[in-house]
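Data block below; observations after.
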Amino acid sequence: MAREKILEFTPFHSAKWLPGGHAQTIYPALFMWRREARYRREIWVTPDLDSIAVDWTAGRAGTPLIALFHGLEGSSRSHYALSLFTHAYQQGWRGVVPHFRTCGNVSNRLARAYHAGDSAEIDWVLRRLHQEFPDSPLFAVGISLGGNALLKWLGEQGSAAAEVIAAAAAISAPMDLSASGQVLDVGFNRHIYTRNFLRSLRVKTQIKLKMDENPFIDPRQVKQVSTLREFDHLVTAPLHGFHSVEHYWQAASSKPLLKQIALPTLIINARNDPFIPAASLPRHHEVAACVTLLQPAEGGHVGFVSGAPPGRLSWLPENILRFFQFHKPLAR
């Protein structure tokens, strides 16, 4: 009898000169993103006649394609996208970043924007990619907010997801949005991360309200929001059909759907992630058998920097690609 192959992951050893989750989060986001990637941009028209920016890396036709769904206010220029696609290119794989609406320096036409549970957008994008490249193995990666939306789509689709993609990975995904929303609105998190997120979210919302007034949103209140809870209550929830911030956080969270996933899926979360309380992370009995959980003690939020200064971002892309290579469909 043939011996079954076993997938092994490289243990993560955090850079000793970056102590703690905050340093491991902030350093790569600020100082490890400047490598230029060569993207080719397309503008896609959505089924509801809106528009999104889609950035492509180079590669040969027929080679595997990785679709990356970015985090809150992220883009194809985020450090995690550049790192992953640099490694994928070296392996001969292609990459694509379908930006969420209003991201990638492209304004959208409609009143809506994007949110952490937008699995319908994930579905449309992945099915279009599969339709355009039926002979290329397609994989999906979701980062932070994009990771939660991807996991929600996987849970909703169940076995049908295998008709579209071969495998998926979610990195630093806040699968319990209420737990993450609460920790982001207090202390250091509120003054550094939330303040930075709100800076751009407020500007985008004010521009949108000038173009198309919304009777449910008061521009004066938007200018004064200082927490994600306030922003999601005043803007995200009413824009996207939720009754309240509590309804949005509950309905958009992917954690209750993790047992319904039927496709090989890798979920990576550092236990010192300042955005995500370790107690809220899923345990093995809370996910489907096809889901692999990697929860190293350190790494921060989409950080995972290793090695001597200035550090390396190789651990995350290498393990993602190892997982995808293991689950790559056999050539026909």
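The residue among 95, 178, 150 whose Cα reaches farthest toward the positive pole of the charge dipole of the stretch 95-225, with charges on the beta-carbon of Lys, Arg, Asp and Glu, is 178. In angstrom, the C-alpha Rg and Dmax of the stretch 264-315 are 12.5, 39. Computed from Cα atoms, the angle from the helix 145-157 axis to the main principal axis of the chain rounds to 70 degrees.
Selection among 160, 272, 237 by position relative to the dipole of the chain gives 272 as farthest towards the positive end (Cβ unit charges, Cα centre).
Where in the stretch 208-270 are there trypsin sites (Lys or Arg not before Pro) that are in a DSSP coil and have at most 11 other Cβ atoms within 10 angstrom of their Cβ?
Nothing satisfies the criteria.
Only beta bridges with both residues in the chain are counted; by DSSP, about 30 percent of them are antiparallel. How would the stretch 1-110 be classified by its alpha-carbon gyration tensor: rounded, prolate or oblate, with rounded meaning a/c under 1.5 and the a/b versus b/c comparison settling the rest? Oblate shape, in that a/c is at least 1.5 and b/c is the bigger or equal ratio. Evaluate Rg over Rh across the stretch 104-188, taking Cα atoms for both radii and Kirkwood's formula for Rh. With Rg and the Kirkwood Rh in hand, the quotient comes to 1.03. The lysine pair tally for the chain, using Cα distances under 14 Å and a gap of 8 or more places or different chains, is 6. Taking every alpha-carbon pair under 8 Å whose residues sit at least 6 apart, the chain reaches a relative contact order of 23 percent.
Give me Rg over Rh for the stretch 129-279, both radii from the alpha carbons and Rh done the Kirkwood way, two decimal places. My calculation puts Rg/Rh at 1.02. Taking every C-alpha pair closer than 8 Å and separated by at least 6 residues, the mean separation divided by the residue count of the stretch 149-275 gives a relative contact order of 52 percent. With Cα atoms defining each centre, the stretch 224-257 and the stretch 75-141 are spaced 23 Å apart in the structure. Measuring max minus min along each principal axis, the C-alpha atoms of the chain give extents of 68, 45, 40 Å (largest first).
Shape of the stretch 230-320 from its Cα gyration tensor (a ≥ b ≥ c, root eigenvalues): rounded if a/c is under 1.5, otherwise prolate when a/b > b/c, or oblate? Judged from the Cα gyration tensor, the stretch 230-320 comes out oblate (a/c at least 1.5, b/c at or above a/b).
None of the figures in this text is laboratory data; all of them are computed from the coordinates on show. Predicted, not measured: the structure shown is a model, and the values here were computed from it. So basically every Cβ, Gly included, is an ideal-geometry build from the backbone, and we count neighbours across all protein chains shown.
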